[in-house]
Amino acid sequence: QVQLVETGGGLVQAGGSLRLSCVASGRTFSNYAMGWFRQAPGKEREFVAGISWIGGNTYYADSAKDRFSIIRDNGRNTVFLQMNSLKPGDTAVYYCAAAFQGLGPVRTDEYDYWGQGTQVTVSS
């Protein structure tokens, strides 16, 4: 089992920044690809950003490119999502997820473990 705990959400004005953190415990963190997803009210959960378990390759949804950055620190069992130039459309609950030895997973069913989510609200 892998336990994931997200922190860092909150209320921010449009154009502002937030950094989300996700701390993992329970298994060897470096064996897992890590991803960030989000879900707005009434919408499907959607992929935002991911980082592979080996090589540190990163990949992003079009909505996140050039604004968001995903970073992992294997020494601290933590993955971060740095979000800049936030827009009201980024408002959602953000979830951290782990996929065992994943190289580029983007679908929810490719991930094995999920956190409880953290709310991000961007005001106009």
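The values are calculated or read from the model by the stated rules, or taken from the named source; none is laboratory data. Please read all numbers here as calculations on a predicted model, not as lab measurements. For neighbour counting, all protein chains shown are included, and Cβ atoms are generated from backbone atoms with ideal geometry for every residue, glycine included. SASA here: full protein model, heavy atoms, side chains in, ligands and nucleic acids out. Shrake-Rupley method; radii C 1.70, N 1.55, O 1.52, S 1.80 Å.
Please give the number of the condition Thr108 fails out of (1) of a type in the set (Ser, Thr, Tyr); (2) open to solvent by 70 Å² or more (accessible area, probe 1.4 Å); (3) closer than 14 Å to Gln39 by Cβ.
Evaluating Thr108 over (1) of a type in the set (Ser, Thr, Tyr); (2) open to solvent by 70 Å² or more (accessible area, probe 1.4 Å); (3) closer than 14 Å to Gln39 by Cβ leaves (2) as the failure.
All but one of (1) open to solvent by 60 Å² or more (accessible area, probe 1.4 Å); (2) within 12 Å of the chain's Cα centre (by Cα) hold for Ser69, so report the exception by its number.
(1) is the only condition that Ser69 fails.
One residue is enough: does region 44-59 have a residue meeting the conditions in contact with a Phe, Trp or Tyr (Cβ under 7 Å, 6 or more places away or on another chain) and modelled with pLDDT under 95?
Within region 44-59 (the criterion being in contact with a Phe, Trp or Tyr (Cβ under 7 Å, 6 or more places away or on another chain) and modelled with pLDDT under 95), the answer is yes, since at least one residue qualifies.
Could you please find all residues in region 29-62 being farther than 16 Å from Trp114 by Cα and acidic (Asp, Glu)?
Asp62
Taking the stated definitions as given, is Thr28 of a type outside the set (Lys, Arg) and free of Cβ contacts under 8 Å to residues at least 40 places away in the same chain?
yes
Each row is one residue, and each column tells you yes or no for (1) open to solvent by 20 Å² or more (accessible area, probe 1.4 Å); (2) under 11 Å from Val120 (Cβ atoms).
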| position | (1), (2) |
| --- | --- |
| Leu11 | yes, yes |
| Ser30 | yes, no |
| Phe37 | no, no |
| Lys43 | yes, no |
| Glu46 | yes, no |
| Lys65 | yes, no |
| Gln82 | yes, no |
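Within region 88-105, restricting attention to residues that are touching a Ser or Thr at 6+ places or on another chain (Cβ under 6 Å) and either surrounded by 16 or more Cβ atoms within 10 Å (Cβ to Cβ) or polar (S, T, N, Q) (or both), which residue is nearest to Val23 (Cα to Cα)?
Among residues in region 88-105 that are touching a Ser or Thr at 6+ places or on another chain (Cβ under 6 Å) and either surrounded by 16 or more Cβ atoms within 10 Å (Cβ to Cβ) or polar (S, T, N, Q) (or both), the one nearest to Val23 (Cα to Cα) is Tyr94.
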